[in-house]
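What follows is calculated from the coordinates using simple rules that are stated; it is not laboratory data. Keep in mind the model is a prediction, meaning the values are calculated, not measured. Here the Cβ positions follow ideal geometry from the backbone for every residue, glycine too, while neighbour counts run over all protein chains shown.
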Amino acid sequence: MNRPPALRVPLLDLKPQYEAIAPRVREVLEAVCASQQFILGPQVKTLEARIAAYAQCRHGIGVSSGTDALLLALMALGIGAGDAVITSPYTFFATAGTIARAGARPLFCDIEPDTFNVSAEAVSRLLERDCERRDGELIHRPTGLRVKALMPVHLYGQLCDMTALMDLARRFGLKVIEDAAQAIGARDAEGRHAGSFGDVGCFSFFPTKNLGAFGDAGMCVAQDAALAEHMEVLRVHGGKPKYHHAFIGGNFRIDELQAAVLNIKLDYLEDWSAKRALNARYYDQAFERKSLEAVRTPVARPGHHHIYNQYIVRVRDRDALREHLSANGVGTEIYYPIPLHLQRCFAYLGHAPGDFPQSERAAQETLALPIYPELTEQQLQYVVDTLAAFYSAGAGAASARA
Ligand SMILES: *Cc1c(COP(=O)(O)O)cnc(C)c1O
């Protein structure tokens, strides 16, 4: 590749979005600066109420990041040493990282190959086959740990099979913490929102998420007033009243400045997510027209509202394709190259390659394509054509023959 690319399509470009709302954002930032009220002020209160309502929940607790939302939820539910939490090995690190930081053990279940979300069947198998009731507690036989909770991840912006998972959770008495970091506004066929199913729903406002702050921020949502209040107390070191500590919490506060930005951006979220879905439809149809055997487009569950935080294709010769796309100006990413059960820091869990074959295959075969709302049709078509050219040139055929 000596010629410069005909077009550049970055994986994500936040600048056009900012340009469109810059005057409104600057105005609220200026107002917060003028007030000099930076901690848990009116912008935070407003954002908490609005996000909770949007997610069909009663309470919102603004926190410092999506990671801290997960950690706070685990702490508030009293999950720690001697406990185990069921989750997916095919997710961002924070999902299992926070379980381990809380002192508990992640118990992995493999994913569905089509949606990449944790398989309710695999969870059911683990509960039925490897767990038993002892003195009113659910014990994971191989480790002797108490199974306390389920942490499903709505990966890429599509809900897990929450009907099946909530049914299992009720049957086995498990708490449910939804990792909805990538899924704000996603809903199932009945219109039920991500974050509204479990005891706590956790959102991230990391800049790359559909609703992104100007830095780190997150939120916990909940229906139960007592649990919400407990999270509020733990958010400020467990002090209530101030300087009186019945609990050990942390500093998990969201910034007033971030809340101000998010209050503006929230007005546009539905529109932005709808544009992502339109881009996804464009790709789906364009790839179908090319009928590329080597490319499988993402599967959206019928009736679900998928918010496409990522558009993930499963492809042949993934790494070579990625290089080809990069050389031609198309940005991509691999979410995620190493499933969590094979991460070095989790070696103590004793897993080996082959333990979760669907997660391992996904880690080798998937690629995220640019999907952000402001992409032009020309850019979308360029991504499709560039990808198709890779396979028609035979570059992708080598490994198929081998
Ligand atoms: C982004 C993300 C998180 C963590 O959120 P941060 O705000 O970056 O701390 C957790 N889980 C998943 C699935 C994520 O995508």
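How about Lys265: which aspartates and glutamates have a C-alpha closer than 18 Å to its C-alpha, ignoring those fewer than 8 places off in the same chain?
Those aspartates and glutamates meeting the cut-off are Asp13, Glu19, Glu27, Glu30, Glu48, Asp216, Asp255, Glu256, Glu374.
Within the stretch 238-266, list the residues whose amide N lies under 17 Å from a label point set 7 Å along Cα→Cβ of Cys33.
256-262
How large is the dipole of the chain about the Cα centre if only Lys and Arg carry +1 and Asp and Glu carry -1, each at its Cβ, rounded to the nearest 20 debye?
300
Where does each of Asp355, Asp271 land when they are ranked from fewest to most other beta-carbon atoms within 10 angstrom?
Asp271, Asp355
Using a Förster radius of 25 Å, what is the FRET efficiency between Asp385 and Leu278 based on their Cβ-Cβ separation? Nearest 0.05, please.
Computed FRET efficiency for Asp385 and Leu278: 0.85.
Round to the nearest 0.05 the FRET efficiency obtained for Ala320 and Arg101 when R0 = 41 Å and r is the Cβ-Cβ distance.
Approximately 0.65, to the nearest 0.05.
Short version: ³J(HN,Hα) in whole Hz for each residue of the stretch 24-33, in order, from phi by Karplus 6.51 cos²θ - 1.76 cosθ + 1.60 (θ = phi - 60°), x for Gly and Pro, what are they?
Each residue of the stretch 24-33 in turn: 5, 5, 4, 5, 6, 4, 4, 5, 5, 4 Hz.
Whole-Hz ³J(HN,Hα) for each residue in the stretch 64-80, computed from phi via Karplus 6.51 cos²θ - 1.76 cosθ + 1.60 with θ = phi - 60°, x for glycine and proline: what do you get?
6, 5, x, 4, 5, 4, 5, 5, 4, 4, 4, 5, 5, 8, x, 8, x
Rounded if a/c is under 1.5, else prolate if a/b beats b/c, else oblate: with a ≥ b ≥ c from the C-alpha gyration tensor eigenvalues square-rooted, which is the chain?
The shape class here is oblate.
Show the residues, 5+ positions off or on another chain, whose built amide H is closer than 5 Å to the amide H of Val147.
Residues meeting the amide H criterion: Ala84, Leu138, Ile139, His140.
For Phe108, enumerate residues with amide H under 5 Å from its amide H, sequence gap 5+ or separate chain, H modeled in the peptide plane.
The list, which skips near neighbours in sequence, is Thr87.
Name the residue from Ile371, Ala122, Phe93 whose Cα lies farthest towards the positive end of the charge dipole of the chain, charges +1 on Cβ of Lys and Arg and -1 on Cβ of Asp and Glu.
Going by the Cα projections, it comes out as Phe93.
Charges only on Cβ, +1 for Lys and Arg, -1 for Asp and Glu: so what's the dipole of the stretch 266-385 about the Cα centre, in debye to the nearest 20?
Computed about the Cα centre, the dipole is about 280 debye.
Under the rule that an exposed site lies in a DSSP loop and has at most 13 other Cβ atoms within 10 Å, name the longest stretch of the chain with no GluC sites (Glu not before Pro) of that kind, not counting the sites themselves.
For GluC sites (Glu not before Pro) (loop position, at most 13 other Cβ atoms within 10 Å), the longest site-free span of the chain is 1-189.
Provide the per-residue ³J(HN,Hα) series for the stretch 351-364, in order, calculated from phi with Karplus coefficients 6.51, -1.76, 1.60 and θ = phi - 60°, each as a whole number of Hz, with x at glycine and proline positions.
Once rounded to whole Hz, the list reads 8, 9, x, x, 5, 10, x, 5, 5, 5, 5, 4, 4, 8.
Determine the dipole magnitude for the stretch 324-388: charges of +1 sit on the beta-carbon of Lys and Arg, -1 on that of Asp and Glu, nothing else is charged, the reference point is the Cα centre, and the result goes in debye to the nearest 20.
Roughly 280 debye, rounded to the nearest 20.
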